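Peer 1: One structure, pasted below without further comment.
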Amino acid sequence: MKITYSTNAWGKIYAHAGATNNVNNAFYVTDGEAETAIREIAEAGFESIEMFDGDLLKYDNEVDKLKKILVAHEVSLKGVYSAGCFIFDDILDEEIFRIKRTAKIAKELGADQLVLGGGATRSDGINEEDYKKLGKALDRIADIAAEMGMTASYHPHLGSLVETPEQIDSVMASSKICLCPDTGHIYLGGGDPYEVTKKYIHRIKYFHLKGVESDGSFCAPSKGVIDIKPILTLLSQHKGKISLAVETDGSKRAPSMDAKETAQFLSSFLQL
């Protein structure tokens with residue numbers, strides 16, 4: 001199945017411990033085994049994966065090891081997710097250095113998608129000028145990604161500067177970067193995933209499918225309160241190429257079960 005599945009559901013998600021005193025260690029990591037995730041994603045029928053930057057950087061000095069795991073399970077690396085504050089001038093170059101380092105490894109393994117989350121909120125609230133700072137930072141990274149043959153997309157995320165539909169509008173107006181909607185984060189941010197997708201369909205190259213339970217926890221896209229089918233129909237009718245990726249981090253069920261049921265759901269829908 002030519003839909004990507006993220007490895008971030010295998011294990012708990014953490015920020016790297018070194019992030020407290022070194023911005024170059026400010027990345028996401030999971031405590032699961034990458035090989036287990038890749039094997040179970042392949043067994044479910046998916047052909048490509050997305051990884052967190054920290055999980056990918058574990059293989060910084062042994063890229064061939066990860067490459068062998070991918071080849072053994074006939075899975076490719078499609079994308080990598082990274083995040084940053086992006087609004088603080090003193091550390092921006094360091095953040096971009098870290099993201100470029102991550103993207104270089106991802107590109108070496110064949111990835112063509114760089115997903116960016118973040119945009120820090122200040123202790124005294126949101127400064128509207130920060131959307132312009134965020135936009136400029138994202139443009140710099142988008143240019144770097146393009147030079148590497150990758151597409152950079154911005155991913156709205158809970159706990160960041162961009163949660164609500166209005167905040168999505170602000171960053172999209174401040175940057176040329178593509179948008180990577182995440183159905184789960186948009187829904188919990190007070191938005192309608194279908195309407196946001198429809199509004200920005202011409203700026204979407206990569207898309208995150210995620211479900212949300214009635215209690216606000218994440219789940220497989222075939223479950224929960226979000227009606228995914230109209231969104232899939234909208235994406236499939238668009239003439240431009242949009243790659244789909246599934247995330248089930250935070251699900252209460254075993255990730256292998258979510259992967260298998262999601263594969264069945266998507267296969268049935270896409271055949272129709």
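The values are calculated or read from the model by the stated rules, or taken from the named source; none is laboratory data. Quantities reported herein were computed from a predicted structural model and do not represent experimental measurements. We place every Cβ from the backbone using ideal geometry, glycine too, and count neighbours over all the protein chains shown. Remember, those area values only see protein heavy atoms, side chains included, never the ligands or the DNA or RNA. Shrake-Rupley method; radii C 1.70, N 1.55, O 1.52, S 1.80 Å.
Peer 1: How many residues are closer than 16 Å to A245 by Cα, among the β-branched types (V, I, T) and either touching a His at 6+ places or on another chain (Cβ under 9 Å) or assigned to a helix (DSSP H, G or I) (or both) when one looks only at the range 68-82?
Peer 2: Counting residues in the range 68-82 that are closer than 16 Å to A245 by Cα, among the β-branched types (V, I, T) and either touching a His at 6+ places or on another chain (Cβ under 9 Å) or assigned to a helix (DSSP H, G or I) (or both) gives 0.
Peer 1: Among the residues of the range 109-130, write down those that are free of Cβ contacts under 8 Å to residues at least 12 places away in the same chain and open to solvent by less than 50 Å² (accessible area, probe 1.4 Å).
Peer 2: Across the range 109-130, the qualifying residue is only G125.
Peer 1: Closer than 19 Å to D93 by Cα and touching a residue at least 12 places away in the same chain (Cβ under 8 Å): does that describe K133?
Peer 2: yes
Peer 1: Looking at (1) modelled with pLDDT under 95; (2) of a type in the set (G, A, S); (3) assigned to a loop (DSSP other than H, G, I, E, B), which is the one condition that is false for G110?
Peer 2: Just one mismatch for G110, condition (1).
Peer 1: Go through the range 31-88 and count every residue that is in contact (Cβ under 8 Å) with a residue 60 or more places away in the chain and acidic (D, E).
Peer 2: 3
Peer 1: Find the strands (runs of 3 or more DSSP E) located wholly in the range 1-67 whose residues include 3 or more that are open to solvent by less than 40 Å² (accessible area, probe 1.4 Å), and list them.
Peer 2: 4-6, 48-52
Peer 1: Which ones in the range 151-182 are of a type in the set (D, E) and without any contact (Cβ under 8 Å) to a residue 60 or more places away in the chain?
Peer 2: Passing the criteria: E163, E166, D169.
Peer 1: I've got another one for you. Which of the residues spanning the range 223-246 are open to solvent by less than 40 Å² (accessible area, probe 1.4 Å) and either modelled with pLDDT under 95 or not in a loop (DSSP other than H, G, I, E, B) (or both)? Break it down into steps so the answer makes sense when it comes.
Peer 2: Within the range 223-246, the first condition is being open to solvent by less than 40 Å² (accessible area, probe 1.4 Å), and the residues that meet it are 226, 228, 231-232, 234-235, 240, 242-246.
Passing the criteria: I228, I231, L232, L234, L235, G240, S243, L244, A245, V246.
Peer 1: What pairs come up if the first residue lies in the range 247-272 and is open to solvent by less than 60 Å² (accessible area, probe 1.4 Å), the second is in a helix (DSSP H, G or I) and among the hydroxyl-bearing types (S, T, Y), and their beta carbons are under 8 Å apart, counting only those six or more places apart or on different chains?
Peer 2: What qualifies is T248/T262.
Peer 1: Within the range 84-102, restricting attention to residues that are touching an Asp or Glu at 6+ places or on another chain (Cβ under 9 Å) and either among the acidic types (D, E) or open to solvent by less than 20 Å² (accessible area, probe 1.4 Å) (or both), which residue is farthest from N21 (Cα to Cα)? Show your work before the answer.
Peer 2: In the first step, residues of the range 84-102 are kept if they are touching an Asp or Glu at 6+ places or on another chain (Cβ under 9 Å); the result is 84-88, 98-99, 101-102.
Applying the additional criterion that residues be either among the acidic types (D, E) or open to solvent by less than 20 Å² (accessible area, probe 1.4 Å) (or both) yields 84, 86-87, 98-99, 102.
Working: G84: 15, F86: 17, I87: 18, R98: 15, I99: 17, T102: 19 Å.
Looking at the filtered set, the residue picked out is T102.
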